[in-house]
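What follows is a short report on a single structure.
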Ligand SMILES: [Zn+2]
């Protein structure tokens with residue numbers, strides 16, 4: 001629930017109060033490692049905006065895959081959740097470059 005609340009706080013910071021009824025969608029980037037369950041986030045969000053000026057806003061969640069760069073061979077690997085080694089040399093000395101995201105990409109207003 002706190003994640004949905006944080007999203008709303010950010011929307012309130014960026015959108016003037018008189019424009020809130022025009023918000024049609026909020027595009028959110030969520031990394032696979034962030035631990036967010038899309039369905040429960042959507043549910044929390046719709047509960048929070050119910051009967052508010054933002055009740056037409058849809059939450060659109062873009063899932064960002066986990067990827068990492070290998071410190072041994074510089075290969076960039078796309079990783080499955082829980083599997084953390086280089087796909088080329090199988091080193092576990094890798095650095096995460098995406099998958100932890102939790103950010104608002106865009107807030108769309110209807111005309
Ligand atoms: Zn490697």
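Readers should treat all values here as calculations from the given coordinates under stated rules, not as data from a laboratory. It should be emphasised that the depicted structure is a prediction, and the values quoted were computed from it without experimental measurement.
Ignoring everything except DSSP H segments at least 4 long, calculate the 222 nm mean residue ellipticity for the chain; use -39,500 (n - 2.57) per segment, divide by total residues, nearest 500.
The per-residue figure over the chain is -7000 deg cm²/dmol.
When DSSP assigns beta bridges and you keep just the ones with both residues in segment 6-85, what percent turn out antiparallel, to the nearest 5?
Working: 4 of 11 bridges.
Counting only bridges with both partners in segment 6-85, antiparallel ones make up about 35 percent.
In percent, rounded to a whole number, the relative contact order of the chain is 36, using alpha-carbon pairs under 8 Å and six or more apart. Roughly what angle does helix 2-14 make with the longest principal axis of the chain, taking Cα atoms, 0 to 90 degrees, to the nearest 10? The helix 2-14 is inclined about 60 degrees to the chain.
Relative to the longest principal axis of the Cα atoms of the chain, the long axis of helix 38-49 makes an angle of roughly 20 degrees.
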